[in-house]
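Structure first, then comments.
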Amino acid sequence: MIESKYLKDNVQNIQRLMAIPGLKDFETRNLAKLLRLSKIRQYEDGERIIREGDNDPWLYFLLSGTLKIEKQGVEIGHIRDVGEIFGEMRIVDSLVRSASVYAVGDTLCLCVDTSAKGRLSDSDDHDERIDFLLLLYRIFAEYMSIRLRATNDELFRAKKELADQVK
């Protein structure tokens, strides 16, 4: 893995973040806050990004590449869409990582250190920090809703296929 330093909240970096679909609803001031908590990481093919059972504070946005998700060594899915978020469940529920995530080919991620809240400016008032966190949780909720619907559809198809085989 190759990792950048924490990013600077300059105009160029903010514009890059605005191009990520999952971040399009952020206001510029919130993108600046997100940048101060973020690093860019580059992974090689097969490199593990998240280890099942770990308790780390990182949240990820896929910038390029493909990800393979495994639970107890069983492949359960892929992430291919630029801007897709992963690693959010650990941040929301504070439990250990529920699956491992691996790079498929060269993969680039924006990584947000959710434990580095101290990197937010002291000049940010309390309401602005709360607005920022609420927006971040809204993004989590949107992605989890999309994934839950996809899982429900997959479960329905599997149950229907099973029922059809029994007949």
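Bear in mind these aren't lab numbers, they're just calculated from the coordinates by the rules spelled out. As the structure is a prediction and not an experimental result, all values here were calculated from the model. Glycine gets a Cβ as well: all are built from the backbone with ideal geometry, and neighbour counts include every protein chain shown.
Using the Cβ-Cβ distance between Glu3 and Ala158 with R0 set to 45 Å, the FRET efficiency works out to roughly 0.70.
Projecting the Cα atoms of Val104, Leu135, Gln12 onto the charge dipole of the chain (Cβ charges, centred on the Cα centre) puts Val104 farthest toward the positive pole. A cut-off under 10 angstrom between Cβ atoms defines the neighbours of Lys39, and their net charge, with Lys, Arg +1 and Asp, Glu -1, is 0. Loop-located GluC sites (Glu not before Pro) in the stretch 26-58 (DSSP state other than H, G, I, E, B) with a sparse environment of at most 15 neighbouring Cβ atoms within 10 Å: Glu27, Glu44, Glu47. When only the Cβ of Lys, Arg, Asp and Glu is charged (+1, +1, -1, -1), the dipole of the chain relative to its Cα centre reaches about 140 debye. When only Cα pairs under 8 Å and 6 or more residues apart are kept, what is the percent relative contact order across the stretch 2-166? It rounds to 25 percent for the stretch 2-166.
Approximating the spin labels as points 7 Å out from Cα along Cα→Cβ, the Lys24-to-Glu44 distance works out to 3.6 nm.
Taking a Cβ cut-off of under 12 Å around Arg97, the surrounding Lys, Arg, Asp and Glu residues balance to a net charge of -2, with basic ones at +1 and acidic ones at -1. The alpha-carbon positions of the chain define a convex hull whose volume is 126 Å³ per residue. Taking the chain as the region of interest, the number of lysine pairs whose Cα atoms are within less than 27 Å, with members eight or more places apart or on different chains, is 22. Highest GNM mean-square fluctuation among Gly105, Gly73, Gly22, for the chain modelled with Cα contacts below 10 Å: Gly73.
The sum of -39500 (n - 2.57) across all DSSP H runs of n ≥ 4, divided by the residue count of the chain, sets its helix-only mean residue ellipticity at 222 nm to -12500 deg cm²/dmol.
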